[in-house]
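First comes the structure, then the notes that go with it.
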Amino acid sequence: DIDGYLANIRLLKVIFRPDFYLHDVKQTGPYEITTRWTMVMKFSLLPWKPELVFTGLSIMGVNPQNLKFCSHVDIWDSIQNNEYFSFEGLVEVFKQLRYYKTPDIETPSYLVLKKAANYEVRKYPPFAVAEAKGEKLTGSSGFNNVTGYIFGKNASSEKIAMTTPVFTQASDDKLSDVSIQIALPMNKDLNSLPAPNTEAVTLRKVEGGIAAVKKFSGRPEEEIVAKKEKELRSQLLKDGLKPQQGCMLARYNDPSTKDFVKRNEVLIWLNDFTLE
């Protein structure tokens, strides 16, 4: 009833403090409206305040007598069973309560457009990177060059704030043509950045776009990352999406972080993605 519905909304506001992003609204029946949305919530009852992300549809029935909403059904993208009480939905919530250690420093911003069962689709705005040649996705070759740039080895000896994650990008299907990148603060653009002191480092604008992302913990060894990339690409093709060639590995933590709380991600850029 209405009182139960309002109590549910109050509970969401107090415990989860949601941010709600509305992507689309359309009429889908004579007295029916369907919305597509993203909801991002912080679970404040746990000390690490995990972020929960849900995407999906809300189907709103309209009373033809007073033209007010009289029903509200949510469908989550990440589960199959969307009944009123879904054990699958409960498991999805508990999965997202897992602790990943993310350093409290700037990271490129993004908005999750779709949260599927095993990956999420994110929209990234453009951002600048300092980039050097690498050897393999999980390697550190070139890291000292890009960190040297932000620590002051540049034309004006300017120190630039460190960000997370460290990206390694493979641009070919064999994951062998690799570069290592550090994202530069969002308030920096290519025109305001000092030139590198060495030809080993280049500055580049990443155009952003839509990426599919698979998150995992542990030590990101080469065979593990290759397996995650293969799993993600296979799922994207199965879901009818259009993954680009190559991938990126995002490593958020320093080597001293315990493996079981490390945050790692494999990203694959997508072509022609649309929200339906």
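For Ser86, which of the numbered conditions (1) closer than 21 Å to Ser217 by Cα; (2) modelled with pLDDT under 95; (3) of a type in the set (Gly, Ala, Ser) fails to hold?
(1)
Considering only region 146-153, I want to know if a residue exists there that is farther than 13 Å from Val206 by Cα and open to solvent by 50 Å² or more (accessible area, probe 1.4 Å).
Looking for residues that are farther than 13 Å from Val206 by Cα and open to solvent by 50 Å² or more (accessible area, probe 1.4 Å), one finds at least one in region 146-153, hence yes.
Filter region 174-225 down to the residues that are in a loop (DSSP other than H, G, I, E, B) and among the polar types (S, T, N, Q), then identify the one that is most open to solvent (accessible area, probe 1.4 Å).
Asn187
If you scan region 121-168, which residues turn out to be under 25 Å from Leu232 (Cα atoms) and in a loop (DSSP other than H, G, I, E, B)?
Scanning region 121-168 gives Pro125, Pro126, Gly134, Glu135, Lys136, Leu137, Thr138, Gly139, Ser140, Thr164, Pro165.
Taking region 223-276 on its own, how many of its residues are under 22 Å from Val129 (Cβ atoms) and among the acidic types (Asp, Glu)?
Looking only at that region, the number is 3.
If we scan region 73-95, do we find a residue that is part of a helix (DSSP H, G or I), within 22 Å of Asn118 (Cα to Cα), open to solvent by 70 Å² or more (accessible area, probe 1.4 Å) and among the aromatic types (Phe, Trp, Tyr)?
yes
If a residue has to be modelled with pLDDT of 90 or more and assigned to a strand (DSSP E or B) to count, how many in region 1-58 make the cut?
Number satisfying all stated conditions: 29.
For region 154-173, which positions are of a type in the set (S, T, N, Q), more than 22 Å from the chain's Cα centre (by Cα) and crowded, with 17+ Cβ neighbours inside 10 Å?
Asn154
Please state which one of Ser234, Ser256 is outside any loop (DSSP other than H, G, I, E, B), farther than 20 Å from Pro108 by Cα and open to solvent by 30 Å² or more (accessible area, probe 1.4 Å). Before you say what the answer is, go through the steps one by one.
Working: Ser256 fails: outside any loop (DSSP other than H, G, I, E, B).
Just a single option satisfies the conditions, and that option is Ser234.
Just to be sure before I move on: is Tyr84 in the same structural domain as Arg263 (by the TED database) and aromatic (Phe, Trp, Tyr) in the structure I sent?
Judged against the criteria, Tyr84 is not a match.
So which residues in region 96-109 are assigned to a loop (DSSP other than H, G, I, E, B) and open to solvent by less than 70 Å² (accessible area, probe 1.4 Å)?
Residues satisfying the conditions are Leu97, Tyr100, Thr102, Pro103, Thr107, Pro108, Ser109.
For region 134-146, check the following and say yes or no: at least one residue is over 28 Å from Gly208 (Cα atoms), among the small types (Gly, Ala, Ser) and out of contact with any Ser or Thr (no Cβ under 6 Å at 6 or more places or on another chain).
no
Using beta carbons and a limit of 8 Å, which pairs, at least six apart or on different chains, have the first residue in region 170-191 and farther than 21 Å from Val266 by Cα and the second one crowded, with 19+ Cβ neighbours inside 10 Å and of a type outside the set (A, V, I, L, M)?
Filtered contacts from region 170-191: Pro185/Thr163; Met186/Pro108; Met186/Phe127.
Give just the number: which of (1) among the small types (Gly, Ala, Ser); (2) out of contact with any Asp or Glu (no Cβ under 6 Å at 6 or more places or on another chain); (3) surrounded by 15 or more Cβ atoms within 10 Å (Cβ to Cβ) does Gly29 not satisfy?
(3)
Which residue is least open to solvent (accessible area, probe 1.4 Å), if the candidates are limited to region 237-247 and must be in a loop (DSSP other than H, G, I, E, B) and under 15 Å from Ala170 (Cβ atoms)?
Out of the qualifying residues, it is Gly246.
The values are calculated or read from the model by the stated rules, or taken from the named source; none is laboratory data. If you're wondering where the values come from, they're calculated on a predicted model, not measured in any experiment. Here the Cβ is made from the backbone with ideal geometry for all residues, glycine too, and neighbour counts use every protein chain on show. Ligands, DNA and RNA are stripped out before the accessible areas are found, and what is left, the full protein with its side chains, is counted by its heavy atoms. Shrake-Rupley method; radii C 1.70, N 1.55, O 1.52, S 1.80 Å.
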